[in-house]
Ligand SMILES: [Cu+2]
């Protein structure tokens, strides 16, 4: 009965001495967890769940990409050819190396080596910056040949520059005759869609990397001050998972955007 | 075993708790900051409840304006443009700011950790952050309304929202993007909590069914919401960059927007309805004084609904020009959702059958819920039938159908849950006759409002117009009159529940004689850390003894 203190079963016996609120807790154990194992498993699962959200977040874009790739197959291949698969390939390798250093950072955390975490994460950030540097170089060229999908986007100009292997300096507009050509050619709009997807997807990917840098910077400060222990290093492990995920997104982006169609044949 | 308030009262046993005030989550800190910076899932649940009630009032006012306009056939009260903005405001506020977070963010936040025997959710800081994201999202959305409103409907179909609407669309989209992350974080938090924070002995098949329902809901929040986030982002980029990702003039495809939109927004219906289904399971078993019939079927049907919800979205697009083969496929899949939904209704009936039903007010709401949900569900079958959908698409039949499911379901379920858990949340009892009156007003008013709309829709009255043919006036007047009764049914509990929270008679720990940890192992209201020690579970959740044990229980 409800006034009775003696309760059984689902009604919750109270386990004596299991846990006294606030006392006897290690400082690296949050108050609402029973033990380090539970805390670690919760943090870990939380990150996996977050990544599943991320998969669907990127998934919406991959869905849109798939639809237009199917609808405008020829133009998407031509557009993909304008991108440089060598630079994309180099970037893929750079990112894979950054994943290796990140894995080593997590390994250091498991061993309780705070300073090593900082070192490996610094290496990860350097690789990440190298990736973004290559990306910036590519984007600069992309701007110059007017494939950035705004008003001055010019499909025929970009095609022309690509065919003749030219690397022009950026000017606000492409020559007028190319815009006239674009106006007559419905494929220019389809090419613009490809580059819209290209910039949004790689842009979102780059944004994720920059967010990763920020998180790593915070973690490095904590790690340097010995905040993480063998019992508590969930944040390190989580940013590790996050970084591998960002890497993995690129592994999909690279073939979809850079390797589409036969680069050799359609030159 | 415990008994109910009414039984105790009949026996002359005082159900009020006369012990001196203890330290509770409500009184242990009193500053405004202690609320706004709290990491306590109970306080966050209460804050969600307050902010949602505010949004509900706003959305309700817009609904009232719509019904007032529709008293007469002529569009004489509002311009068509203002009418468009009114129903958009109503839809956006009610769908995104009330129905979707309704049960999980308020009752779920408060009750679920108690049911698990946990001290809090797994990530208390994220939990607080998700409330702030909710508030920021609401501020953006209301700002857009103040700037002149949006006229796209809550569905934001392109190219209406991209080419033909003003820039306020961007403000609302930004608000909903932010709100989306609030929903995602709640779902993430709940999944991890249910996986990792269960008390010793609380195995998966000993979980209360409300927890199962929240688990299924969280999966949808986690996997569906990011898609609407990216869709709204693409819409925004289309407007900013002038790229036609959804614009046919520029090579894009407006149908793609509909696919992406409904990929989230159909499952979103189940974010609204699954938690109240869980509430109903709790109410039916508690007030039937009988273990629930088909526990595993109910738990499984929640998961089945969550999974099915992701593969039926194109039933919103039968008339949009999708392939007829795709339409047949989606029609068939949509029909199959009726199976897990039917399982729930039949298991509730099976539970009530030969139970010792106690008709306290939460049970009244449960009856209303079951009735309205059944009508809403069955009329869904009319719409998933390809042939009839062509006739009924975009008519008031659709409006009536989704109000039966989303309001008759989600809101009535929420009200049932609030009446059930109010003594737990605030440690005080409300006025029972008033509660029953409110349950009656809601049920009667709801049917009077929305049943005529089925008929209007069948006669061909299209949705989203501020005028209609004169011969349709009678039904529309009925509908508006019903809205008044319904409004009364909503306002009453806001008053008597608020009154009860402060000044009602004190409730005992377990006034309904329920068997789950939230009732048996915590005080009413709970202490700041919920439990005195770590509760241990050794039995199935609903171990109500059958009728013959009742005398024995009372003799305790
Ligand atoms: Cu649907």
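Some observations on this one:
- Residues (without any contact (Cβ under 8 Å) to a residue 40 or more places away in the chain and either more than 13 Å from residue A:122 (Cα to Cα) or crowded, with 20+ Cβ neighbours inside 10 Å (or both)) located in the range A:213-238: A:222
- In the range A:174-193, the qualifying residues are those that are touching a residue at least 24 places away in the same chain (Cβ under 8 Å) and more than 10 Å from chain B (Cβ to nearest Cβ), and the one that is nearest to residue A:142 (Cα to Cα) is A:174.
- None of A:222, A:228, A:179 is farther than 21 Å from residue B:252 by Cα, assigned to a helix (DSSP H, G or I) and modelled with pLDDT under 95 except A:222.
- Single residue of B:128, B:114 found to be within 14 Å of chain A (Cβ to nearest Cβ) and touching a strand residue (DSSP E or B) at 6+ places or on another chain (Cβ under 9 Å): B:114
- Boolean, residue B:60 is under 29 Å from residue B:218 (Cα atoms), in contact (Cβ under 8 Å) with a residue 40 or more places away in the chain and more than 14 Å from chain A (Cβ to nearest Cβ): yes
- Matching residues, the range B:156-198, being in a loop (DSSP other than H, G, I, E, B) and more than 14 Å from every other protein chain (Cβ to nearest Cβ): B:156, B:157, B:159, B:160, B:161, B:163, B:164, B:165, B:166, B:167
- The residue list B:121, B:139, B:135 contains one member that is within 11 Å of another protein chain (Cβ to nearest Cβ) and either closer than 19 Å to residue B:51 by Cβ or more than 18 Å from the chain's Cα centre (by Cα) (or both), which is B:121.
- Residue A:168 at pLDDT below 95, in a loop (DSSP other than H, G, I, E, B) and more than 14 Å from every other protein chain (Cβ to nearest Cβ): yes
The values are calculated or read from the model by the stated rules, or taken from the named source; none is laboratory data. Note that the structure is predicted; figures quoted are calculated from it, not measured. So basically every Cβ, Gly included, is an ideal-geometry build from the backbone, and we count neighbours across all protein chains shown.
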